Each structure stands twice: as structure tokens, then as C-alpha cells.
Amino acid sequence: MPTLSRVSAELTGLRAAARAGMIGPMPPAALLRAARALRAYGPLGAVTSLPAQRFPDRVGLVDERGPLTFAELERRCNALANAFRERGVGPDSTVGILCRNHRGLLEAMSAAAKTGASVLFLNTDFAAPQLRDAVTREGVTVLVHDEEFAAVAGGLDLPRHTDADLDGLIAEGGTAPPPAPFRHGSMVILTSGTSGRPKGAPRSQSPSMALPGGILSKVPFRGREAMFVGPPLFHGFGLTCAVLALGLGSTLVLRRRFDAAAVLADLEEHRCTSLIAVPVMLNRLLASPDLDARDLSRLKVILTGGARLDPDLARRTAEAFGPVLHNFYGSTEASCITIATPEDLAAAPGCVGRPPAGTTVAILGDDDRPVAPGATGRIFVDSPARFGGYTGGGGKEEVGGLMAVGDLGHVDEGGRLHVDGRADDMIVSGGENVHPGEVEDLLAAHPAIAEAAVVGVPDEEFGQRLRAFVVAAGGGGLGEDDVKKHVAANLARHKVPREVVFLDALPRNPAGKVLKHTLPEP
């Protein structure tokens with residue numbers, strides 16, 4: 001039986017979706033076809049079918065190969081699904097997708113789902129052993145991958161199709177909607193693996209409006225506009241936004257690789273009203289010499305997520321673009337947890353805001369009891385899109401029906417959530433708790449520092465000590481003592497790094513998260 005909060009979340013989601021234009025009037029015949037597609041293929045398979053019924057002649061997707069209308073995209077997905085079926089792909093199959101951001105990823109996703117196959121999104125940064133491990137563990141039976149990953153995927157003993165093969169498969173498949181499978185497959189997103197081996201987290205395929213409606217209740221996306229999505233679509237944040245754009249009937253603009261100058265040109269040329277970017281992408285856009293040369297007056301929403309937003313970047317983004325920045329906080333296991341609005345970020349730069357309707361967030365101490373307002377504790381959540389456990393078994397810690405996110409955080413006096421860092425990143429130095437994120441934010445705000453990461457390392461005297469990795473901004477001249485003095489002037493003595501290591505760049509995964517376990521030893 002649905003709980004009252006779940007029912008409320010669905011109703012709130014429906015209202016927000018209607019206000020944004022995701023739900024609207026349709027001719028009876030188109031409405032019937034859309035309903036049949038949703039029932040036949042589930043939300044993932046019907047993700048291209050629904051806008052094709054509402055807006056068939058509208059440009060639905062633009063990538064380096066050019067534009068596709070929603071009707072063209074749907075016909076290609078149907079044809080690919082029929083070609084897959086001819087090759088035995090169906091409800092007992094799992095299609096792995098190893099692609100960058102382009103039409104092929106969405107076509108493979110929708111087509112696989114239309115056959116009833118499960119879909120697994122794979123990290124484009126995987127080396128061959130990691131790919132082999134994930135494919136074997138998740139039971140992949142067919143792999144679709146970009147040609148550039150042929151060497152990485154070459155040792156796998158299973159049917160493979162490159163992005164260059166897809167046009168041939170589409171040409172041979174009929175464009176009529178494929179028969180409805182006897183069951184819908186699952187959609188599996190891998191965890192980032194920043195703190196260990198990536199794990200498969202299945203996402204629900206229920207036709208709930210709580211997740212999209214919850215986002216739309218916080219972020220003023222509107223239908224039939226244009227959205228540039230920069231984060232990788234194999235990551236939950238990027239995929240959620242891309243699917244949201246399709247559902248809104250908006251033109252989805254994609255690039256295989258993020259290039260600041262090219263993205264700024266795309267935003268202007270396609271009259272984008274929204275930009276989805278991880279923080280490192282925002283940094284690159286702000287540093288681009290092309291920024292002032294582009295007319296971005298139509299841009300009314302910037303949504304960032306996937307990695308920590310430091311307060312200085314939030315301020316600089318607002319200065320450059322106005323009050324349009326929103327900060328999305330979520331996890332692979334829980335999807336959307338909170339969203340900070342421009343008003344939230346103006347009051348508390350770097351915060352992650354408040355949860356949408358139907359989502360509960362609590363900050364618990366080591367005794368599993370709520371901590372006092374302002375105190376740091378472990379973040380726990382219950383959300384409509386929360387997963388039910390990893391594909392390999394097991395799940396996240398739970399307390400009173402709430403699931404641990406794995407982060408530490410606190411709630412300020414305005415009720416806004418702040419993420420202080422990963423629970424396993426906190427160190428104890430000389431008996432004092434130290435959260436590296438606080439030091440990272442301070443360093444990132446220094447005009448001579450482009451970016452910084454702080455980790456704990458063993459120390460014989462204090463148990464642990466801080467080591468800072470710093471990327472200097474252009475011009476140089478910054479020394480180790482300068483970094484230490486800056487921290488000492490602003491934070492307590494036990495938060496001053498004992499070591500400072502200068503790097504040309506921080507190692508990051510495609511979603512923009514710093515890979516702290518790969519930082520070099522000095």
C-alpha cells in the first residue's frame with residue numbers, strides 16, 4: 001500500500017510535470033499509441049516513443065552528426081530493436097553500452113529496452129580488466145561500444161557492435177514498433193568506484209512521476225526548449241537529465257567530449273535555455289576566452305551535480321551567468337536527494353539545498369540518533385527512486401527505514417543541507433576530527449589555486465595528517481609555505497596540511513569526481 005508521503009510525491013510530481021509541459025493535451029490517436037508504447041516497453045523503451053507521438057517533427061537530438069527529429073529517432077530505435085531481436089536479443093539478454101554522449105547510446109538503450117533486455121551502462125574510462133570484470137559480473141550478453149574502445153573490448157567473448165555498426169543494423173531492421181516483450185528488463189547503473197570496485201545499482205522502471213516531477217518542482221525546466229547535457233550519460237546524473245529532456249519534448253544537445261569553446265558555440269547556436277554540467281566543466285567554461293563572445297542570454301538554468309560544488313565556483317558562476325545555478329545532490333543508489341536553488345546558493349554558496357516532496361533526509365550521529373542542527377553527522381535518505389540492493393547482493397546500511405548515502409553533512413539554520421565530505425574521508429588528527437572538504441573549499445577560493453584535493457595519510461605522532469594536492473592557477477609563484485599560511489590564517493591549526501604536493505591536474509573520472517585513491521605519493 002503506498003504511503004501518504006509517496007502519494008503526495010506523485011501528486012506533486014504530476015503538477016510539476018504538467019506545469020513544465022511534460023504532460024499536455026494530445027490527439028486521441030497519439031495518446032493511445034503513447035499509452036500502448038509505455039505499457040509494451042516500459043519507461044526506458046518508451047522514452048523515445050512518447051515525444052515522437054507528441055512532437056514528431058520537432059528536433060529531438062543534436063550531436064556531431066547533426067539533428068534528428070523525434071520521429072526519426074523513434075524510427076531508428078524501432079529498427080535497431082527489430083535488428084536486435086533477429087539476433088536473439090530479448091528478455092533473457094543484458095545489453096552493455098560503452099559509449100560516449102551521442103545518438104548511438106540512446107538508440108542502443110531504447111532499442112534494447114524495447115526487446116525486453118536489461119541495459120547496463122559502462123564507464124568509458126574502464127581499462128580492459130575492469131570492463132571484463134563488469135561484463136562478467138553483470139551477465140552481459142551483447143556489447144555496444146564506440147569504435148575507439150575496440151581494443152579495450154577486443155578480448156571479450158560475446159557479440160559486439162560498434163557505434164559504426166549501428167547504422168547498418170538500423171538499415172536492415174523494419175521501422176514498425178517491435179512486438180511487446182513478455183517482461184521488461186532492468187536498467188543498471190554502476191557506482192563510480194571512487195572508493196572501491198564499481199557495483200551494479202538497478203533503477204526502477206515503474207512509471208512514477210515522483211523523480212522527474214521532484215526535479216521539475218525545484219528546477220524551472222520547460223518543455224520544447226533546448227538542453228545541453230555535458231556529464232556522461234552512463235552516469236546517473238547525466239542520464240536522468242537526458243531522459244528528462246526527452247520527456248519534456250526538448251531538443252537534447254550532446255557532444256562526445258566536453259570542449260569549452262565548442263560547448264559555448266552549441267549553447268548559442270541551438271538557443272539552449274538549460275545547461276547540465278559537472279563542476280569541473282563549469283570551471284572550464286568560466287576560464288574560456290570565448291565566454292564573452294557568445295550570446296547566452298537565453299540560458300536560464302544551469303544545473304550542476306555529480307561532484308562537489310565549492311562555494312567559490314558557485315559565486316563565480318552566479319557572477320558570470322546571473323541567478324541561474326542549481327546544485328543537484330544525489331547518489332547512484334538513491335537518485336535525487338536534494339537540489340539547491342539560486343536563492344539557496346546566494347544564501348549559502350556550495351550547499352545542496354533541500355529535498356523534493358516525498359524524499360526524507362536525516363543527519364545521524366554514531367549512535368544512530370539525529371544530531372543537533374549545525375552538527376556534522378552521517379547523511380541518511382529515503383527517496384521514491386531509491387534502489388533495492390546491488391545486483392551482486394547486499395545494499396547500503398539502513399537505520400529506521402533510511403539508507404546511508406556514505407557522506408557526512410550538516411543542516412544549517414535555514415534548513416539547507418551541506419555535504420562535508422565522504423564518511424570514509426574524515427580523519428582524526430591528534431584527537432581532532434578533520435573534514436578534508438572544508439580545507440578543499442578554502443584552497444579552491446585562493447586566487448592562485450585552480451583546484452585542490454586533500455587526503456589523510458598515516459602519521460606516527462598524530463595518527464593521521466593532511467596532505468594537500470594543489471593545481472596552481474596560471475602565473476605560478478605559489479609555494480608550499482604560501483598554501484600552509486593561507487590555511488593557518490583561516491582555519492584551526494590541526495587543519496593545516498603538513499605536506500603540499502603540486503600537480504598539473506587532479507585525476508578525475510568522467511563524471512568529474514576526483515579519484516583520490518590514484519593521487520600520487522610524493
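Taking percent of Cα pairs over 36 Å apart straight from the coordinates, which label in (i) 47; (ii) 40; (iii) 32 is the correct one?
Answer by label: (iii).
For segment 234-239, just list the computed ³J(HN,Hα) in residue order, Karplus coefficients 6.51, -1.76 and 1.60, θ = phi - 60°, integers in Hz, with x standing in for Gly and Pro.
Calculated HN-Hα couplings, in order: 6, 9, x, 5, x, 5 Hz.
Dipole of the chain (Lys/Arg Cβ +1, Asp/Glu Cβ -1, origin at the Cα centre): which of L248, L131, P436 lies farthest to the positive side?
L248
Looking at segment 427-518 only, what percent of DSSP beta bridges run antiparallel? Nearest 5 please. The partial results should precede the final answer.
On the way: 14 of 18 bridges.
If we restrict to bridges inside segment 427-518, about 80 percent are antiparallel.
Give me Rg/Rg_expected for segment 254-319, where Rg uses Cα atoms only and Rg_expected = 2.2 N^0.38 Å with N residues. Don't skip to the end; give the middle numbers.
Working: Rg = 11.3 Å, N = 66, 2.2 N^0.38 = 10.8 Å.
Computed over Cα atoms of segment 254-319, the ratio equals 1.04.
Looking at the chain, send over the antiparallel percent of its DSSP beta bridges, to the nearest 5. Kindly include the intermediate steps, with their values, before the conclusion.
Values: 46 of 79 bridges.
Around 60 percent of the beta bridges assigned by DSSP in the chain are antiparallel ones.
When only DSSP loop residues count, what GluC sites (Glu not before Pro) in segment 451-514 have their Cβ near at most 14 other Cβ atoms within 10 Å? Let's see the in-between values first.
Values: sites: E451, E460, E461, E480, E499; in loops: E460, E461.
Answer in residue order: E460, E461.
Within 10 Å of each residue's Cβ, count the other Cβ atoms and sort Y390, Y329 from fewest upward. Kindly include the intermediate steps, with their values, before the conclusion.
Working: Y390 17, Y329 28.
In order of increasing Cβ crowding within 10 Å: Y390, Y329.
Would you pull out the residues with amide H under 5 Å of R465's amide H, same chain only if 5 or more places away, H placed 1.01 Å from N?
Under 5 Å from the amide H of R465: V457, D459.
Where the centre of each part is set by its Cα atoms, how far does segment 192-240 sit from segment 403-455, in angstrom?
24
State to the nearest 20 debye the size of the charge dipole of the chain about its Cα centre, where the only charges are +1 on K and R beta carbons and -1 on D and E beta carbons. Before the final figure, lay out the partial values.
On the way: 54 positive and 60 negative charges, 394 e Å.
Approximately 1900 debye in magnitude.
Given H placed 1.01 Å from N in the peptide plane, which residues other than close sequence neighbours of E451 have an amide H under 5 Å from its amide H?
For E451, the qualifying residues are V471.
Give me L325, L282 ranked fewest to most by other Cβ atoms within 10 Å of their Cβ, as a rough exposure proxy. Spell out each step's value before the answer.
Details: L325 27, L282 24.
Neighbour counts put them in this order, fewest first: L282, L325.
Around G421, which amide H atoms from residues at least 5 apart in sequence, or from another chain, sit under 5 Å from its own amide H, with H modelled in the peptide plane?
Residues meeting the criterion, in which the H sits 1.01 Å from N, are L408.
Relative contact order for the chain: what is it in percent, counting Cα pairs under 8 Å that are at least 6 residues apart? Kindly include the intermediate steps, with their values, before the conclusion.
Working: 1113 pairs, mean separation 62.0, N = 522.
Over the chain, the number comes to 12 percent.
Which distance in Å, rounded to a whole number, links the C-alpha centroids of segment 320-337 and segment 14-64?
Spelled out, the Cα-based centre of one part sits 25 Å from the other.
Quick one: what are the phi-derived ³J(HN,Hα) couplings along segment 141-158, Karplus 6.51/-1.76/1.60 with θ = phi - 60°, whole Hz, x for glycine and proline?
Values per residue, Gly and Pro as x: 10, 9, 10, 10, 9, 5, 4, 5, 9, 4, 5, 5, 8, x, x, 7, 9, 7 Hz.
Could you let me know the centre-to-centre spacing of segment 102-168 and segment 376-390, using Cα atoms, in angstrom?
About 29 Å separates the Cα centre of segment 102-168 from the one of segment 376-390.
Give, as a single signed number, the net charge of other residues whose beta carbon lies under 15 Å from the beta carbon of P220, with Lys and Arg counted +1 and Asp and Glu -1.
Working: positive: R15, R19, K218, R222, R224, R298, K300; negative: E225, E343, D344.
That sum, taken over residues with Cβ under 15 Å, equals +4.
What FRET efficiency do you get for A18 and T360 if R0 is 25 Å and r is their Cβ-Cβ distance, rounded to the nearest 0.05?
Details: r = 25 Å, r/R0 = 0.99.
So the FRET efficiency works out to roughly 0.50.
Using only the Cα atoms of segment 14-55, build the gyration tensor, take square roots of its eigenvalues as a ≥ b ≥ c, and label the shape rounded, prolate or oblate: rounded if a/c is under 1.5, else prolate if a/b is larger than b/c, else oblate. Write down the numbers at each step before the final one.
On the way: a/c = 2.02, a/b = 1.35, b/c = 1.50.
Oblate shape, in that a/c is at least 1.5 and b/c is the bigger or equal ratio.
Quickly estimate the mean residue ellipticity at 222 nm for the chain, helices only: each DSSP H run with n ≥ 4 gives -39500 (n - 2.57), and the total goes over all residues, rounded to 500. Numbers along the way, then the final one.
Details: 16 runs with 170 residues, N = 522.
Helix-only estimate at 222 nm: -10000 deg cm²/dmol.
Of all alpha-carbon pairs in segment 427-518, indicate the percentage at a distance above 16 angstrom.
Values: 2170 of 4186 pairs.
Across segment 427-518, Cα pairs with separations above 16 Å total 52 percent.
None of the figures in this text is laboratory data; all of them are computed from the coordinates on show. Only a predicted model underlies this, so the values are computations on that prediction, with no experimental measurement involved. When we count neighbours, we look across all protein chains shown, and the Cβ atoms used for this are built from the backbone with ideal geometry, even at glycine.
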